Structures are given as C-alpha cells and as structure tokens.
1. Is it the case that residue 166 is within 30 Å of residue 31 (Cβ to Cβ) and under 25 Å from the mean Cα position of the chain (by Cα)?
2. Got a sec? Which of 364, 373 is exposed (fewer than 12 other Cβ atoms within 10 Å of the Cβ), modelled with pLDDT under 80 and over 30 Å from residue 216 (Cα atoms)?
3. Take the stretch 43-54 and flag every residue that is surrounded by 11 or more Cβ atoms within 10 Å (Cβ to Cβ) and either more than 28 Å from residue 107 (Cβ to Cβ) or free of Cβ contacts under 8 Å to residues at least 40 places away in the same chain (or both).
4. Check 160, 128 and return the single one that is surrounded by fewer than 17 Cβ atoms within 10 Å (Cβ to Cβ), outside any helix (DSSP H, G or I) and touching a strand residue (DSSP E or B) at 6+ places or on another chain (Cβ under 8 Å).
5. I want to confirm something. Restricting to the stretch 70-121 and keeping residues that are part of a loop (DSSP other than H, G, I, E, B), modelled with pLDDT of 90 or more and closer than 26 Å to residue 193 by Cα, which single residue is nearest to the chain's Cα centre (by Cα)?
6. Scan the stretch 244-260 for residues that are under 19 Å from residue 312 (Cα atoms) and under 19 Å from the mean Cα position of the chain (by Cα) and jot them down.
7. Could you figure out which of (1) free of Cβ contacts under 8 Å to residues at least 12 places away in the same chain; (2) within 30 Å of residue 130 (Cβ to Cβ); (3) assigned to a loop (DSSP other than H, G, I, E, B) isn't true of residue 200?
8. Tell me which of these residue 242 doesn't satisfy, since it passes every other one: (1) under 20 Å from residue 282 (Cβ atoms); (2) outside any helix (DSSP H, G or I); (3) in contact with a strand residue (DSSP E or B) (Cβ under 6 Å, 6 or more places away or on another chain); (4) touching a residue at least 60 places away in the same chain (Cβ under 8 Å).
C-alpha cells in the first residue's frame, strides 16, 4: 500500500512538472517590456493621461498607420519601407549604432521627410496619399536583440525554403495556386506582414467593446478578434492563419498572446519570405502614448526557425483621412488565372520549339519587367530578368 501511494505521489509530481514546463515556441522566453520609441528616446510627456472607454479600459480606438515608420527592420542596413535582411556580401562593416539617430542624422532624416511630403503632395500617382508625414529618430524596427539586427533563420530552417516563398517576385514554378504566397492569393499577409510598412495600404483600424478588441488591416482586409475576457485559447489541434489571440491589460498596455498559428505565413514584408513553423508564439504590446501615437510592439518566438526570439517596436500615427479604403482583392481575381495561364502557354511554346529542333531556356515569369536588373535570369537563367532579382528576398519592392 505504501509503495503504491509513493508511486502515485511520484507520478502526480512528474505530471505537474511536465505540465509546468514551457512548450517550445509557446512561451519559451518572456517577451520584453514595452519599448516606447515614439518620443525619440525620451519619456512619455508629463501630464499625459490615457483616455478610457465608457467601460473603463484604456482607449486604443482609431485608424492608425505605420506610414511614418520609415526606418529599416534591422539596424545599419538601410532605410526604405521597413526593409530588413542581411547586408550585401561586399558591404563595409557598419559602426555600432544605437536605437536613435545622432543629431546630424536626425536633421538629415527630417529634411528627407519634408522633401518627401513636398514631392508626394505634387505627385500624380496611384500611391499619392501613401507617404510619411512625421520623422522619428528610431534607427530600426528591431529593439531586441540590443544590436538591432533581426536573427537569421537557422540552417535547418532554411531547408524549408521554396520558390513559393517569393511568390511572383520569384520564378516559380507556378503549376497550382499552392505555388503562390498567401499574399499573391489575397488570403493574408500574416500578423507581422500586416503591420510592417510597405509601399501602400498601411492602415490599421482598432475598435473595442467590453471583453474584446478588434484590429482590421487595410491590405488583404483581415480582421483579428482578440478577446480580453479571460477565455482560454482554442484547442491546440486547431490552426489558423492569424492564430488564436487572447489578451489582458497590464496597466495602460494591451498584452496580446497569439498561439495556434499555421506554418503557411512568413515573417517578412507583405507576409512573403521563408515560412515560420506552427510552433511560433507572438506577443504584442500596444499602448496609446499620446493623442496621435500608439506604440506597437511585437515579439516573435519561434525556436524551430530562429536561434532566439526578437522584438520590433514602432510608433503608429493617425492614417491620413481616417478611413480604411476597400481593398478589393480575393483569390478568384484574374492574377492567379492569368499567371497560371501564361505558364501553361510557355509550356506549349517550349514543346513547339523543341519539335522544331529549337532547344531554349524557359522564359522568366515576368520577362521584360523594366524594374528587374539588366541581365537578370529566370528559371533557366536566360533573358530579360523578371522579378527574380528584381525584389529583395523578403518579397516586397520599394518603388
């Protein structure tokens, strides 16, 4: 009897210990506290009081944009629209640099933003209203690790790489809809891809009700419903593109933990790039720090893909006009059908040429694309470029 009792106690202890251990990628590392960059390294102004909803919660509501986040994802690796990634192989080593620009650099950025406003307001363009209006001193999206450089995927994770990761910026093969990214297919850009600044469509609408916060992204028109009422995550066997998001208030900061993700989206601009694993956990911290600024922070924890977690933090400012415009994009659009049709036409053309004794390289997907570098190859490496080489590995292009 005593032996059975001891064995039972021991078994309960083992179960309790196992239950208390963190699941890989689902809380294996604590996400850092909120890093407020909106005041260029300074504190929240004295006297600021966070507005409250009628039911007493901090009020995050509004239509916010990442248009003013004009710095690179990784530090010392260029500006542009949030572009990250490793530096060129022949780049000179960059001097260590902190999270904020020097006075000289800060003056240059302010001048650049003002010139951009002048140019944009006088431009005739599809993207006429998509431009930065406010300069921030921040040097990188990444605030952790401290060097400001986004960790690169492990060698093992890179084995998952596929031509599909670059979508139509790559050269396929495009044989079925599954060979395109979810961005190409108008399904989703994922959480990271929906917040990082790109060439247009950077709006984010936040609405609240008791026990719930909803975030709608302008591009690909996703809406996330985030419960704050204490309910548990959905069953671990269920996987969703935007995961299962549950939140709590820590003072004036909304802390959102997202699990139950698929392995079909990516940590890259517009959701393109090497796909993460379904073990990934994301932690967001969102706080209104001024009437016209919401600080947004996201920690990515995917030990199957990255050697360590990393965190980005950026200020979101009011979207010009305050309205998300309809993003009329759906998987049944002509783009996929036309792309697949063009590929099948090239199949037939190759066969016809071969029947005539002409053996040639396959034409790139976007042969003749004027944005591609001269001499760029496609599948087969011949001819006028195409998107292969015309866009960074993350899958977006700064135009």
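The values are calculated or read from the model by the stated rules, or taken from the named source; none is laboratory data. The shown structure was predicted, so the numbers you read here are calculated from the model rather than taken from an experiment. Glycine gets a Cβ as well: all are built from the backbone with ideal geometry, and neighbour counts include every protein chain shown.
1. When the stated conditions are applied, residue 166 passes them.
2. Result of the check over 364, 373: 373.
3. We begin by selecting, within the stretch 43-54, every residue surrounded by 11 or more Cβ atoms within 10 Å (Cβ to Cβ); these are 44, 48, 50-53.
The answer is 50, 51, 52, 53.
4. That would be 160, the only listed residue that is surrounded by fewer than 17 Cβ atoms within 10 Å (Cβ to Cβ), outside any helix (DSSP H, G or I) and touching a strand residue (DSSP E or B) at 6+ places or on another chain (Cβ under 8 Å).
5. 73
6. Matches in the stretch 244-260: 245, 255, 256, 257, 258, 259.
7. (1)
8. Against the list (1) under 20 Å from residue 282 (Cβ atoms); (2) outside any helix (DSSP H, G or I); (3) in contact with a strand residue (DSSP E or B) (Cβ under 6 Å, 6 or more places away or on another chain); (4) touching a residue at least 60 places away in the same chain (Cβ under 8 Å), residue 242 comes up short only on (4).
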